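One structure is given below, encoded as structure tokens.
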Amino acid sequence: MTTPTRPRELVNVLVDVDANGIVATFDLGDPFPAEPVAEWFTYGIALGDDRGALVKHFAVRFSPTQTAAFIFDFASSTQANYDASHVDDKGTSVVVRFPDSSLGTDAVESITGFGTVNGEDVSVDVPVQLLN
């Protein structure tokens, strides 16, 4: 696997849910400017409830020293971590596998994609398509 060294615009997210877990494909657009330097960047999906509160984040983070995927559950304040073997950089997309996980759709009212660079939002409310 190659590791992206420069963040790109997040344009769309495809989420496939099956018996093995979740696979998220983050479709990417143009690279962001090289300055300021991205110390780390993240692509993810945010799940919200009917009040607009965050339920879960499924995300992948890239830095010069680490590539890691994670699920953060806001209700229980717990996080599941996955190493770089669960992440495939395809150049114009990044595919992340979250085994043994679910969206928890009973409590989920909205799903949107997001991207951050150095912790700052650069892509928000990105469309997410659920596949079965």
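I'd like the distance separating the alpha-carbon centroids of segment 86-105 and segment 55-81, in whole Å. If we compute the Cα centre of each part, the gap is 11 Å. Largest mean-square fluctuation among ASP100, ASP49, ASP88, in a Gaussian network model of the chain whose springs join Cα atoms under 10 Å apart, belongs to ASP100.
Taking the Cα atoms of the chain, the ratio Rg/Rh between the radius of gyration and the Kirkwood radius comes to 0.94.
Counting only protein heavy atoms and a 1.4 Å probe, tell me what percentage of segment 56-132's accessible area is made up of carbon and sulfur.
Within segment 56-132, the accessible surface is 47 percent carbon and sulfur.
Please check: in the Gaussian network model of the chain (C-alpha springs, under 10 Å), which one of ALA80, ALA59, ALA19 has the largest mean-square fluctuation. Result for the chain, Cα springs under 10 Å: ALA19 fluctuates most.
Using Cα springs under 10 Å in a Gaussian network model of the chain, which residue among SER101, SER77, SER93 shows the largest mean-square fluctuation? Between SER101, SER77, SER93, it is SER77 that shows the largest mean-square fluctuation. Directionally averaged projected area (segment 84-132, Cα convex hull): 5.1 nm². For the chain, the per residue solvent-accessible surface stands at 54 Å², with DNA, RNA and ligands left out and a 1.4 Å probe.
With only Cα atoms counted, segment 17-62 has Rg and Dmax values of 14.3, 42 Å. Once divided by 2.2 N^0.38 Å, the Cα radius of gyration of segment 28-104 becomes 1.21.
The values are calculated or read from the model by the stated rules, or taken from the named source; none is laboratory data. In this text, all values refer to a predicted model and were calculated from it rather than measured experimentally. Note: accessible area is taken over every heavy atom of the protein model, side chains too, but ligands, DNA and RNA are not part of it. Shrake-Rupley method; radii C 1.70, N 1.55, O 1.52, S 1.80 Å.
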